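One structure below.
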Amino acid sequence: MLAAMSNETTPVRKAVMPVAGLGTRFLPTTRSVPKILIPILNVPVIEYAVREVVNSGITDIAIVMSRGMEEVVGYFGERRELVDILEERGRTELAAMQRDIASLARIETIYQDEPRGLGHAVLMARDFVASEPFVVVLPDDVIWSDVPATRQLIDVRTAQGGGSVIAALEVPDDVVSSKGIIDGEEISDGVFSVSGMVEKPALEDAPSNLSIIGRYVLEPAVFDYLEEEHTGAGGEIQLTDAIEATIGRLPVHACRFTGHHADTGNPGGMLEAALYEAGKDEGLRELVRAAISEWE
Ligand code: G1P
């Protein structure tokens with residue numbers, strides 16, 4: 001039986017964060033450190049994702065990972081010994097920050113034992129999601145904004161009467177073939193009614209330059225397609241295809257969110273993210289300026 005659509009007033013409480021993968025672009029570090037624990041300055045990428053969804057009203061998070069990546073969830077553990085030592089040494093503010101990290105949300109581990117694509121990773125979270133609308137966050141896509149990007153998507157879902165909402169940004173031509181691309185019509189400022197989606201098209205086949213960015217609010221109806229395990233682009237089970245399969249049956253919108261985005265999935269994007277953070281601190285700005293001035 002096909003899953004029914006939840007009501008637009010159903011609160012969105014759950015988030016799925018797929019993080020499995022070898023992290024080849026960050027070798028050799030990823031020989032021993034999961035990609036998602038690599039920091040922007042001193043804060044790991046996964047903490048940005050968790051804080052964003054918590055600030056958007058999410059209370060329960062499932063991190064979908066490969067075996068051996070347990071430290072990703074361990075990061076959000078209590079670390080009582082560390083907290084005790086910090087307190088003994090009078091570092092109360094630092095101790096409070098550690099307690100805060102451990103109390104952000106309920107976070108659980110789900111394993112994806114085979115690398116069969118993003119759609120397959122999300123499928124592993126089917127029991128966790130059950131029959132509620134849910135969020136998918138790809139933590140490599142870091143977004144800084146006043147209203148958290150996930151919240152912006154949830155607000156579009158409410159305004160549009162339910163259904164799925166995908167984060168989107170226009171990208172240059174040379175990026176199109178490495179992204180999911182959206183076909184749709186802008187129905188109000190930054191909100192698109194989606195009529196099609198295609199994963200990693202050749203530039204000449206792409207319907208637009210509007211790229212999927214790693215934030216989704218989804219209806220559990222996407223599992224109807226994922227369960228059938230169709231293979232799509234790259235021989236993988238694609239989330240893009242599963243969302244596309246619901247078009248016509250359920251509303252699907254895209255939201256050109258406001259905020260600053262960096263793709264920290266590659267070292268250049270990570271550097272850009274670090275510079276963006278550095279820009280917020282006068283001391284670090286000076287340091288960056290001084291370092292750059294030495295370039296020829
Ligand atoms: C995934 C999605 C793609 C999306 C991208 C955003 O691709 O499949 O549709 O545009 O994330 O970061 P990946 O980067 O995992 O290949």
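Just so it is clear, none of the values below were taken in a lab; they were calculated from the coordinates. Nothing here was measured: the structure is a model prediction, and the numbers come from that model. Ideal geometry is used to build each Cβ from the backbone, glycine not excepted, and the neighbour counts take in all protein chains shown.
Taking every alpha-carbon pair within region 182-296, the share separated by more than 25 Å comes to 42 percent. Across region 137-165, the residues whose backbone nitrogen lies under 15 Å from the label position 7 Å along the beta-carbon direction of Thr258 are 144-153, 155-156.
Between Thr10 and Trp144, the simple spin-label model (points 7 angstrom out along Cα→Cβ) gives 3.6 nm.
For region 17-27, putting each phi into the Karplus relation 6.51 cos²θ - 1.76 cosθ + 1.60 with θ = phi - 60° gives couplings of 10, x, 9, 5, x, 7, x, 4, 6, 10, 5 Hz, in residue order, rounded to whole numbers and with x for Gly and Pro. Helical content of the chain, expressed as a calculated mean residue ellipticity at 222 nm, amounts to -8000 deg cm²/dmol (DSSP H runs of 4 or more residues, -39,500 (n - 2.57) each, divided by residue number, nearest 500).
Normalised by 2.2 N^0.38 Å, where N counts its residues, the alpha-carbon radius of gyration of the chain equals 1.03. In order along region 160-172, the phi-based Karplus estimate (6.51 cos²θ - 1.76 cosθ + 1.60, θ = phi - 60°) of 3J(HN,Hα) comes to 8, x, x, x, 9, 9, 10, 6, 9, 8, 6, 10, x Hz; Gly and Pro are listed as x. Measuring between their Cα centroids, region 167-204 and region 21-43 lie 28 Å from each other. Were the residues from Ala105 through Arg80 laid out at 0.36 nm apart, the gain over their Cα-Cα distance would be 7.3 nm. In the chain, the longest principal axis of the Cα atoms and the axis of helix 267-278 are about 60 degrees apart. If I fit a long axis through the Cα atoms of helix 45-54 and take the longest principal axis of the Cα atoms of the chain, what angle between them do I get, 0 to 90°, rounded to 10? Between the helix axis and the principal axis of the chain, the angle is about 60 degrees.
For the chain, the longest piece that avoids every one of the trypsin sites (Lys or Arg not before Pro) found in DSSP loops with at most 11 other C-beta atoms within 10 Å covers 90-279. Segment Leu22..Ile187, full-extension length gain: 55.5 nm, with 0.36 nm per residue of separation and the alpha-carbon distance subtracted.
Label-to-label distance, Ser195 versus Glu170, with points set 7 angstrom from Cα along the beta-carbon direction: 1.9 nm. Computing FRET efficiency as 1/(1 + (r/R0)^6) for Ser178 and Glu93, where r is the C-beta to C-beta distance and R0 is 45 Å, gives about 0.60. Per q in 0.13 1/Å, what log10 I(q)/I(0) does a Debye calculation on the alpha-carbon atoms of region 14-111 return? Reported log10 I(q)/I(0), two decimals: -0.49. Straight-line cross-link partners of Lys179 among the lysines, defined as a Cα under 22 Å from its Cα and at least 8 positions apart when in the same chain: Lys35, Lys200. The C-alpha atoms of the chain define a longest principal axis, and helix 282-293 lies at about 90 degrees to it.
Each residue, Lys280 and Thr231, gets one label point 7 Å from its Cα in the Cβ direction; the gap between the two is 4.3 nm.
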